[in-house]
Structures are given as structure tokens and as C-alpha cells.
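These notes concern the structure reproduced below.
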Amino acid sequence: MPKSIDSIQYALFETPLGLAGLADRGKGVCRLKLQINSIDDFINELEEQFNSSPRQNQTALRQGVKQVEQYFSGKLKRFDCKLDLGHGTDFQKSVWRQVLHIPYGKTQSYQWLAEASKRPRAYRAAGSANGRNPIPLIIPCHRVIRHNGELGGYTGGIHIKRFLLDLESGTHGTV
């Protein structure tokens, strides 16, 4: 399949979690990867997901990068960069929009997420949609936990989820 004419731009930057990448198709942030082990793998992921040849552009993504850096320094509690949720099912997008309402330093359960997404019995599906969030941190999927207070899973690893929740509660942990 030929590459799309839509261009995708990305920026690479360091965070306390390691090298991160932010991507935008001109409609808003469409991808944030918090731990990049291989730049080539990240570029290949973008090519595969968006059918486009990514190009690095630190300048175009400066605002998004700055907001992520401010989050990690404790200066930003709510992101306001434009988001592009174009790659996801209607249910996934509904879940991601609900996650955006969970305040900094607070958590909600997978059950709450299912109910807020108008599918009260679909808490596993809501959890799965939460796990497919392409813009973690900005869409704060780490704030969704089990109903009993246990952390549950996290695509980046449970230690990352714990780190982010500790950061938000002011009890800085280590990665």
C-alpha cells in the first residue's frame, strides 16, 4: 500500500522514564511513547500505524514536548495540547475522552470508566480500550485502577504506573 500524503511529524526528548517520542499528523498529538528503546522501532511503529513516512520536527512539536516536561517537573497538572484521536474505535475514543476527566492526583476504577462510557458491564472492554490509549500521560490512563484499589495493569509496565501515580501524589518514587 502506498504511503499516505498526510505527513506525520515527531519529536524525541528525554524524560525521567528515558527517551520519549511525540507525534502529530497536523490535527493534534496522535502518539506519545514514554519509553523508546529504539528510534528505528518508533519510526516503524508510526509508519505502520499511520501509513505515512514520519519526519523529525522538534520545532513543530515544541509545545507538546514542553508540556510533558512540565508535567514531570510538577509544574503542569492538565495538558491542553490538541489531540488527534482519529485512530481508534468509537468505543475506544469514548473511553479515552472519559479518562481525560480524571483529575491530576486522583484515580478511578475500570468499573467507573465503563459506566462513564455508557457501557456499565463492559469494564474489561473499557480496560482494554484504556490499555490501547495511543497518548498515555496526556490521556492519563495510568489513573485508572481496579475497583479494590489495586493498580491493575499498564502497557508500559506496572512500575511506570506506580511512578506516575507517586509523582502526582507528591511521593516521588523511582522508576
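What follows draws every value from the coordinates through simple rules; no lab data is involved. Please read these numbers as outputs of a predicted model, since none were measured by experiment. With ideal geometry, Cβ positions are generated from the backbone for all residues, glycine too; neighbour counts draw on all protein chains shown.
Which of Asp24, Asp90 has the fewest other C-beta atoms within 10 Å, and how do the rest follow up to the most? Before the final figure, lay out each step's value.
Working: Asp24 23, Asp90 7.
Final ranking by Cβ density, sparse to dense: Asp90, Asp24.
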| message | What does the net charge come to around Lys82 if you take all other residues with beta carbon closer than 13 Å to its beta carbon, with K and R at +1 and D and E at -1? | response | -1
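Explain nothing, just the number: relative contact order of segment 90-169, from Cα pairs under 8 Å at least 6 residues apart, as a whole percent. Please report the intermediate quantities before stating the final value.
Numbers: 105 pairs, mean separation 25.5, N = 80.
With pairs under 8 Å counted, the relative contact order is 32 percent.
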| message | Please give me the summed charge of the neighbours of Leu19: other residues whose Cβ is under 15 Å from its Cβ, Lys and Arg +1, Asp and Glu -1. | response | -3
| task | For segment 90-169, build the charge dipole from Cβ charges (+1 Lys, Arg; -1 Asp, Glu) around the Cα centre, then report which of Leu165, Phe91, Gln108 sits farthest towards its positive end. | result | Phe91
| task | Taking the dipole about the Cα centre of segment 8-72, with the C-beta of Lys and Arg at +1 and of Asp and Glu at -1, give me whichever of Tyr71, Ala20, Ile43 is farthest to the positive side. | result | Tyr71
| request: Any chance you could run the full-extension gain for Gln35 through Arg124? It's 0.36 nm times the residue separation minus the Cα-Cα distance, nm to one decimal. | output: 29.5 nm
| query | Stokes-Einstein at 10 °C, 1.306 mPa s, Kirkwood radius from Cα pairs: D for segment 90-169 in µm² s⁻¹? | reply | 131
| task | Have a look at His142, Cys30, Gln9 and report the one farthest towards the positive end of the charge dipole of the chain, computed about the Cα centre with Cβ charges (Lys/Arg +1, Asp/Glu -1). | result | His142
| field | Residues listed by number, segment 112-139, amide nitrogen under 15 Å from His101 label point at 7 Å toward C-beta | value | 112-120
| remark: segment 113-138 and segment 1-64 have their Cα centres apart by a whole-number Å value of 24
| request: With the convex hull built on the Cα atoms of the chain, state its orientation-averaged projected area in nm². | output: 9.9
| message | Using Cα-Cα distances under 8 Å and only pairs 6 or more residues apart, what relative contact order does the chain have, in percent? | response | 19
| field | C-alpha long axis of helix 62-72 to longest principal axis of the chain, angle in ° | value | 30
| task | Name the residues whose placed amide hydrogens come within less than 5 Å of the amide hydrogen of Ser117, ignoring near sequence neighbours (fewer than 5 apart) on the same chain. | result | none
| In degrees, nearest ten, helix 158-169 long axis to first principal axis of the chain (Cα) | 80
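Please report, in cubic angstrom per residue, the volume enclosed by the convex hull of the alpha-carbon atoms of segment 8-72.
Values: hull volume 4.5 nm³, N = 65.
In segment 8-72, the Cα convex hull volume per residue is 69 Å³.
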